[in-house]
1. Using the structure shown, decide if A:M85 is surrounded by fewer than 20 Cβ atoms within 10 Å (Cβ to Cβ) and either within 14 Å of another protein chain (Cβ to nearest Cβ) or in contact (Cβ under 8 Å) with a residue 24 or more places away in the chain (or both).
2. Looking at the range A:130-163, which of its residues are surrounded by 15 or more Cβ atoms within 10 Å (Cβ to Cβ), out of contact with any Ser or Thr (no Cβ under 7 Å at 6 or more places or on another chain) and either polar (S, T, N, Q) or closer than 30 Å to B:K265 by Cα (or both)?
3. Taking A:G64, is it at pLDDT below 90 and surrounded by 24 or more Cβ atoms within 10 Å (Cβ to Cβ)?
4. Give B:G118, B:G111, B:G104, B:G25 a once-over and let me know the one that is within 14 Å of chain A (Cβ to nearest Cβ) and on the phi > 0 side of the Ramachandran plot.
5. Collect the residues in the range A:277-299 that are hydroxyl-bearing (S, T, Y) and either outside any helix (DSSP H, G or I) or touching a residue at least 40 places away in the same chain (Cβ under 8 Å) (or both), keeping them in residue-number order.
6. All but one of (1) among the hydrophobic types (A, V, I, L, M, F, W, C); (2) more than 14 Å from every other protein chain (Cβ to nearest Cβ); (3) surrounded by fewer than 17 Cβ atoms within 10 Å (Cβ to Cβ) hold for B:W146; state the number of the condition that does not hold.
7. Considering only the range B:36-129, give the helices (runs of 4 or more DSSP H) lying wholly within it that have at least 1 residues that are buried (at least 18 other Cβ atoms within 10 Å of the Cβ), out of contact with any His (no Cβ under 7 Å at 6 or more places or on another chain) and free of Cβ contacts under 8 Å to residues at least 40 places away in the same chain.
8. Within the range A:122-142, restricting attention to residues that are within 11 Å of chain B (Cβ to nearest Cβ) and free of Cβ contacts under 8 Å to residues at least 40 places away in the same chain, which residue is nearest to B:G225 (Cα to Cα)?
Amino acid sequence: MQRELLKFALFAALVLVAAPLYFQGGYILNVLVFVGINTMLAIGLNLLLGFAGQISLGQAAFYGLGAYISAILTTTHGFNPWLAMIFAALAVGALAFVIGFPILKLKGHYLAMATLGFGIIVYIVINEYVDLTGGPSGFPGIPNLSIGSISFDSDMKNYYLIWVATLGVMLLAINLTRSRIGRALRAIHDSEVAAQVLGINARLLKVQIFACSAMISSLAGSLYAHYITFVSPSTFGFHFSVELLTMVVIGGLGSIYGSFLGAALITLLPEFLRAFHDYDIIFYGALLMIMTIFLPGGLIQGGTLVWNYLRNTLGGKGGADA
Amino acid sequence: MNLSDQLLQYILSGLSTGAIYALIGLGFAIIYNSTGIINFAQGEFVMFGGMLGVYFFHKQGLALPIAFLLAVVVTALCGVLFERFAIRPLRRPTPMNMVIITIGGSIFLRGVAMIAWGKDTHVLPTFSGDEPISFAGATLLPQHLWIFAITILLIIGTKLFFSHTISGKAMSACAVNRRAAGLVGIDVRRMIMFSFILSSAIGAMAGIIIAPLTMTSYDVGVMLGLKGFCAAIIGGMSSGLPTVIGGLLLGVLESLGAGFSSGYKDAVAFVILLLILFFRPQGLFSRGSSERV
């Protein structure tokens with residue numbers, strides 16, 4: 001745990017101090033804000049997929065619900081943004097808890113299809129309920145968050161705001177996975193029956209982690225809405241759920257820092273591949289297949305393998321077994 | 001037009017889209033039964049069929065029947081390549097890995113189609129004119145009849161294939177128990193490849209016969225695929241009549257739903273999908289009652 005905390009502190013310092021000093025603002029900072037949002041979302045999905053072994057292709061729906069609830073409550077009904085954010089997270093968490101019971105009874109392909117179906121229904125409702133959501137043309141004029149007289153209206157301020165939230169989520173996830181609950185989730189991942197025999201309430205625990213992951217997604221959605229101040233349905237479609245899945249798989253299932261790596265890679269890559277703009281969809285597809293076939297543990301595992309190999313070859317013959 | 005005529009009209013057009021869902025659902029079921037995989041790329045085969053049909057007909061100027069045939073053959077070839085390079089190399093095929101790989105495959109194929117043929121929607125001409133036929137107060141297009149005819153032929157064809165050819169019987173054996181099938185000398189890998197050929201070819205045909213009515217573009221595969229899956233779920237993943245009935249039922253319900261609110265039309269299929277998965281999650285495909293191939 002000591003080493004884990006040290007690692008986290010190092011990471012936090014890098015993100016909060018080094019990165020803003022180095023980039024100073026401007027466009028790249030805006031991209032880094034999105035790395036933060038996507039890291040949060042990827043960790044939410046990873047808790048479910050990587051630890052409990054339950055797939056969800058409907059994460060974009062929770063993200064979208066969070067964003068839209070925040071948008072509607074603050075803009076149409078004049079709520080305080082922070083209050084709206086908490087309310088959105090609670091409402092989305094409650095929804096996930098309720099649908100979690102029937103949905104998480106399903107396994108594998110069926111679970112994937114059911115969550116996908118849920119995601120598409122939410123997407124259709126957001127698109128069609130024009131009076132409430134503004135429909136396909138979007139929802140403008142969402143206020144920025146503020147504390148006292150400080151309004152989070154610049155990229156730099158939002159960078160700190162969103163990364164503090166992301167680091168909070170990371171810390172929560174790290175603690176969660178190292179607790180009794182984390183071990184129980186991994187037991188469910190390996191064998192649900194065996195876990196139940198050991199006295200783990202698998203059904204409830206799966207639903208709880210599903211709701212937790214939905215709340216994290218909702219929080220990310222609220223932060224997104226208040227940062228961009230405009231939301232439209234196309235951000236929250238099926239494609240984004242797949243993008244999140246790509247982040248988690250590429251980074252490494254069951255690794256918190258892996259989720260960050262995956263989110264960073266998938267968010268930054270399009271910026272470097274501007275010339276190949278339309279090719280990114282092929283790239284995601286190929287990446288998903290290649291990673292699952294050749295490196296099921298993701299980048300994190302690949303890094304560990306390389307590191308161990310280097311240590312063993314460079315460290316002489318006295319080192320540990322390869 | 002009075003109410004009953006209108007109802008008949010909705011039902012007829014629902015049946016024709018339902019026939020398409022049924023064909024796509026059969027594709028899902030055939031692969032599922034021989035491999036235990038839900039192929040998320042199934043909708044992409046349907047899209048490929050339609051797009052290749054457009055390509056061979058408009059770009060290459062081939063006659064429609066030849067374009068039809070070529071599109072089916074090329075799509076089946078894609079199915080083989082997909083099986084060979086994406087499905088087979090996996091060392092530990094867990095359902096989760098398979099979901100991720102077939103999703104990867106589906107967006108890859110979609111991307112290929114987008115780059116090859118652009119983002120525009122394309123249309124194929126109807127197979128035999130646009131003269132509407134009136135039928136008991138409702139109107140049908142000749143293309144609807146083509147859809148019904150081809151669907152019925154395909155269903156009878158697959159039925160005969162599974163019950164009267166040695167390959168078909170071998171595939172049925174794999175569906176019952178892959179390991180036992182291997183022990184009695186059936187080449188399971190080849191049967192898996194056959195199932196991909198068969199379902200991509202059926203998917204392609206579905207894609208071509210619907211293209212003159214609904215138009216086609218690189219991204220139609222997602223929705224069509226999901227609705228086909230819904231049909232297969234209603235039918236309990238059988239590669240026979242139950243899935244066909246599931247498809248027709250879905251088509252009609254969706255068409256009637258569109259009569260009330262066109263915006264929410266697409267939601268109907270997914271609400272049905274969720275309801276069935278929730279309330280009869282495993283129940284609809286109890287082994288004894290439905291035919292599994």
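The values are calculated or read from the model by the stated rules, or taken from the named source; none is laboratory data. Source: prediction; values computed, not measured. Glycine gets a Cβ as well: all are built from the backbone with ideal geometry, and neighbour counts include every protein chain shown.
1. Values: surrounded by fewer than 20 Cβ atoms within 10 Å (Cβ to Cβ): no; either within 14 Å of another protein chain (Cβ to nearest Cβ) or in contact (Cβ under 8 Å) with a residue 24 or more places away in the chain (or both): yes.
Criteria not met by A:M85.
2. Hits for the range A:130-163 are A:T133, A:G134, A:G135, A:S146, A:N158.
3. Working: at pLDDT below 90: no; surrounded by 24 or more Cβ atoms within 10 Å (Cβ to Cβ): yes.
Criteria not met by A:G64.
4. Values: B:G111 fails: on the phi > 0 side of the Ramachandran plot; B:G104 fails: on the phi > 0 side of the Ramachandran plot; B:G25 fails: on the phi > 0 side of the Ramachandran plot.
Result: B:G118 is the single residue among B:G118, B:G111, B:G104, B:G25 that is within 14 Å of chain A (Cβ to nearest Cβ) and on the phi > 0 side of the Ramachandran plot.
5. Initial filter on the range A:277-299 (hydroxyl-bearing (S, T, Y)): A:279, A:284, A:292.
Passing the criteria: A:Y284, A:T292.
6. For B:W146, the failing item is (3).
7. On the way: elements: B:42-54, B:64-82, B:95-117.
Result: B:64-82, B:95-117.
8. Step one: of the range A:122-142, the residues within 11 Å of chain B (Cβ to nearest Cβ) are A:122-125, A:127-130, A:135-136.
When the remaining residues are screened for being free of Cβ contacts under 8 Å to residues at least 40 places away in the same chain, the result is A:124-125, A:128-130.
On the way: A:I124: 17, A:V125: 20, A:E128: 22, A:Y129: 25, A:V130: 27 Å.
Result: A:I124.
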